[in-house]
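Colleague: Submitted below is the structure of interest, expressed as structure tokens.
The values are calculated or read from the model by the stated rules, or taken from the named source; none is laboratory data. Here the structure is a predicted model, which means the values were calculated and not measured. Every residue, glycine as well, gets a Cβ built from its backbone with ideal geometry; the counts of neighbours run over all protein chains shown. The area values use the complete protein model at the heavy-atom level, side chains included, leaving out ligands, DNA and RNA. Shrake-Rupley method; radii C 1.70, N 1.55, O 1.52, S 1.80 Å.
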Amino acid sequence: MEAHWIWWLAAVVLVIAEISSGTFYLIAIAFGLAVAGIVAYVGVAWNGQAAVAAVLCSASVAGIVRVL
């Protein structure tokens with residue numbers, strides 16, 4: 001299985017978990033994972049994919065904490 005499918009599958013799993021939990025944190029993390037899947041689809045190496053996922057997940061969760 002290619003890396004972009006793994007990122008997108010993880011994002012979908014988190015969106016499904018988000019629907020049952022009712023918070024915004026999992027959807028923020030799923031956003032970061034989905035963008036990492038796009039980066040993987042483009043052909044960026046694993047280190048770049050993980051860095052994009054880490055930065056976007058952290059930034060989106062921090063944004064939610066700041067708003068709430």
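Colleague: Within the group Val65, Val52, Val61, Val39, which residue is part of a helix (DSSP H, G or I) and surrounded by fewer than 17 Cβ atoms within 10 Å (Cβ to Cβ)? Step through it out loud before you land on a result.
Modeller: Working: Val52 fails: surrounded by fewer than 17 Cβ atoms within 10 Å (Cβ to Cβ); Val61 fails: surrounded by fewer than 17 Cβ atoms within 10 Å (Cβ to Cβ); Val39 fails: surrounded by fewer than 17 Cβ atoms within 10 Å (Cβ to Cβ).
Result: Val65 is the single residue among Val65, Val52, Val61, Val39 that is part of a helix (DSSP H, G or I) and surrounded by fewer than 17 Cβ atoms within 10 Å (Cβ to Cβ).
Colleague: When both residues are 6+ apart or on different chains and their Cβ atoms are under 7 Å apart, which pairs have a first residue that lies in region 46-68 and is more than 9 Å from Ala36 (Cβ to Cβ) and in contact (Cβ under 8 Å) with a residue 12 or more places away in the chain, and a second that is outside any helix (DSSP H, G or I) and open to solvent by 50 Å² or more (accessible area, probe 1.4 Å)?
Modeller: Ile64/Phe24
Colleague: Which of the residues spanning region 1-25 are within 12 Å of the chain's Cα centre (by Cα) and open to solvent by less than 50 Å² (accessible area, probe 1.4 Å)?
Modeller: Initial filter on region 1-25 (within 12 Å of the chain's Cα centre (by Cα)): 4, 6-15, 25.
Those that are within 12 Å of the chain's Cα centre (by Cα) and open to solvent by less than 50 Å² (accessible area, probe 1.4 Å): His4, Trp7, Ala10, Ala11, Leu14.
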